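These notes concern the structure reproduced below.
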Amino acid sequence: METDERNVGSACDHAHHEEAGEEIIKVRERLSHIRHKLIVMSGKGGVGKSSVAAYLAIGLGRLGNRVGLLDVDFHGPSIPRMLGISGMFRFSETEKALMPHEYEDHLKVVSIECLLEDRDAAVIWRGPMKHGVIKQFISEVDWGELDYLVIDSPPGTGDEPLSVAQTIEGTRAVIVTTPQEIALADVRKSINFCHHLAMPIVGLVENMSGYVCPHCGQESPLFGRGGGRRTAEQMNVHFLGALPFDPRLVEASDLGHTLAEREKASPFTLALSNFVSEVIQRSEALAE
């Protein structure tokens, strides 16, 4: 009887290892069709990380790149609402895979919210569950050929960015901060997190660097000035630029569309264009 139990246990373990091996092969096969993988990180919340991730993905797509935007902020997903995306994923019987939402011709979007029947439901998961879902978002989603996969992670250095680093080989970090010291202190932890995991850093972007009055054009610092550049220099990280605060960005996100759709030459969109160009140049340089 004991022998039989051991045999059954051994068979179950063997089946589990085979299944895990197949999933790893599937993940690697999907990733082989994605050239650049970028995780957008921040040391703390409230710095506009998800907005930066969304606008980076949109900016890359509008330059003709094939882009995927993956939201792994399981407890507070904001990408679907920001982009006006709703509804569950479609399952393709042909591809035997989930089909991402198409936001624009060159941009595909995946978020945990698109797997929930109630978008206001609380997601109460521990680390192993999150790790498994991140693997499934790669292996079970038909991303197709992508030039860039932009990954929006929750703030801090917890389960989600760690799982991305362990699961998505070749991931590089784009780190978001604001100029004030409390944000910069936390962002230094994100930089050290990347160093510890040997994850290359594309660079640091300073968000909400100042407010440009739409009437007089005068710029006022909201949270100080130049902290992001100084931190980048101190930590030997490339500075990707500074994005000014624009209240219309908040309004547009609440309405489910992007500021760039309405405003072609605002201080924010001009700075965004420079930021996207910097990300492209750095990504290509790190890929060489």
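Nothing in this text is a laboratory measurement; each read-out follows from the coordinates by a stated rule. This one's a predicted model, so the numbers in the text were calculated from it and none came from an experiment. Using ideal geometry, Cβ is built from the backbone for each residue, glycine included, and neighbour counts are taken over all protein chains shown.
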Checklist entry - Given a Förster distance of 41 angstrom, what is the FRET efficiency for Ala285 paired with Met99, based on the Cβ-Cβ distance and rounded to 0.05? => result 0.80
Checklist entry - Rounded to the nearest 20 Debye, what is the dipole magnitude of segment 65-182 about its Cα centre when Lys and Arg each give +1 and Asp and Glu each give -1 at the C-beta? => result 240 debye
Checklist outcome for this item: Quick calc, segment 30-287, dipole around Cα centre from Cβ unit charges on Lys, Arg (+) and Asp, Glu (-), nearest 20 debye, gives 640 debye
Item to check | Fraction of beta bridges assigned by DSSP in segment 30-287 that are antiparallel (%, nearest 5) | outcome: 20 percent
Checklist entry - Considering only the other residues whose Cβ falls under 9 Å of the Cβ of Ile79, what net charge follows from Lys and Arg at +1 and Asp and Glu at -1? => result -3
Checklist entry - In the neighborhood of Glu95, defined by Cβ-to-Cβ distances under 15 Å, what is the net charge if each Lys or Arg adds +1 and each Asp or Glu adds -1? => result -1
Checklist entry - Considering only the other residues whose Cβ falls under 10 Å of the Cβ of Pro179, what net charge follows from Lys and Arg at +1 and Asp and Glu at -1? => result +1
Checklist entry - What's the FRET efficiency of Ile182 with Cys216 using the Cβ-Cβ distance as r and R₀ = 30 Å, to the nearest 0.05? => result 0.50
Item to check | Backbone N within segment 95-111 under 19 Å of label point (7 Å from Leu63 Cα along the Cβ vector) | outcome: 104-108
Next on the checklist: Check which residues have an amide H placed less than 5 Å from Asn207's amide H, if you skip close sequence neighbours.
Outcome noted: Thr177, Thr178, Leu243
Checklist outcome for this item: Each label sits 7 Å from Cα toward the beta-carbon; between Arg229 and Glu22 the label points are separated, in nm, by 5.5 nm
Checklist entry - Computed FRET efficiency, Cβ-Cβ of Asn236 and Met129, R0 41 Å: what is it to the nearest 0.05? => result 0.70
Checklist entry - According to a simple spin-label model (label point 7 Å from Cα along Cα-to-Cβ), what is the distance in nm between Glu145 and Arg248? => result 3.7 nm
